Amino acid sequence: MQPLIPLLTTVLPVLYALSVAAYARAYADEASTGGRWGPAMLRAALLVHLVYLSARGVTEGHLPLASAYDFLSATALSIAAVYVYLELRQGIRTTGIFVLPIVFLMQVTSSAYGGEPATRQPPLFPIWFEIHTLAAVLGYGAFFVSAIYGVLFLLMYREIKGNRLSFFFRRMPPLETLGRMNVSAASAGLALLALAILMGIGWGRLAGVDLAKDPKTWLTIGAWLVLGFAVLAYHRLGWRGPRAVYASLAGFTTLLASRVVTDLFVRSFHTFR
């Protein structure tokens, strides 16, 4: 497996770049219904990404999530996977050009600067720890996708209110669909983050780590509550339109801020160095 890793590290950004180019071409061609090359290339990139992470996991003996660059790569994979799920569920391909450039930038950064394999393993009960970490990364990816659709919703809403609709938004799905995709991704992220929190608490108890003293634990729970309110308001309180989108973006901002604060300003078990 080891000889494959340098090759896959180089191939992955190339595949994502080709996916971005294919989706951009499909978006620019008004006669196109989405094309076939974009989805096919993206699925190939996802497959190679899974092989890459699996090869590193076998070589290093644990999930390759021991550094900030590893986290970037795993988040890129989760964003792409969530996007593919929504694309299949909604039958809409024209939003890929707004999501996939972020995936490409994350992976090219990880490939360029994160080359050294990490041999550090988490203490005790690694299965609990790895499920916790995997669920957290997938949750972050879902919230990233939700935020992208939220921003697209607000930009398109402003265009419509100004009685104009530039080519940039002409092939976008309706506002209602964008709002639904925003909440669907946020709902998936909410469930995954809940699993991550529960598995983290269980792992902490078994491993003797007092997560109640870790600032990241409380910041994440706070972000989960904000995001939970946003999803609840959509489904139970009838919030629609910009109000619902602003609520989900507030939750995402809280989650992102908790990650930045943890990494830069406080000592935390979760800090990447």
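Output the number of residues of the range 149-171 satisfying the condition of being touching a residue at least 24 places away in the same chain (Cβ under 8 Å) and open to solvent by 20 Å² or more (accessible area, probe 1.4 Å).
Taking the range 149-171 first, the residues touching a residue at least 24 places away in the same chain (Cβ under 8 Å) are 149-154, 157, 170-171.
From the residues that got through so far, the ones that are open to solvent by 20 Å² or more (accessible area, probe 1.4 Å) too are 151, 154, 157, 170-171.
Residues meeting the conditions: 5.
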Legend entry - the range 66-86 - residue that is open to solvent by 10 Å² or more (accessible area, probe 1.4 Å) and not hydrophobic (A, V, I, L, M, F, W, C) and, of those, nearest to G38 (Cα to Cα): Y85
Legend entry - Restricting the range 208-258 to residues that are modelled with pLDDT under 85, open to solvent by 20 Å² or more (accessible area, probe 1.4 Å) and of a type in the set (G, A, S), the residue that is farthest from P174 (Cα to Cα): G208
Legend entry - Considering residues of the range 10-65 that are of a type in the set (G, A, S) and open to solvent by less than 10 Å² (accessible area, probe 1.4 Å) only, the residue modelled with the lowest pLDDT: G34
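Would you check if there is a residue in the range 169-176 being modelled with pLDDT of 80 or more and in a helix (DSSP H, G or I)? Spell out the reasoning first.
Within the range 169-176, the subset modelled with pLDDT of 80 or more is 172-176.
Cutting the leftovers down to in a helix (DSSP H, G or I) gives us 175-176.
Yes, the conditions are met somewhere in the range 169-176.
The values are calculated or read from the model by the stated rules, or taken from the named source; none is laboratory data. Just so it is clear, the model here is predicted, and its values are computed rather than measured. Cβ coordinates were reconstructed from backbone atoms using ideal geometry, including for glycine residues, and neighbour counts include every protein chain displayed. The accessibility values were calculated without ligands, DNA or RNA, using every heavy atom of the protein model including side chains. Shrake-Rupley method; radii C 1.70, N 1.55, O 1.52, S 1.80 Å.
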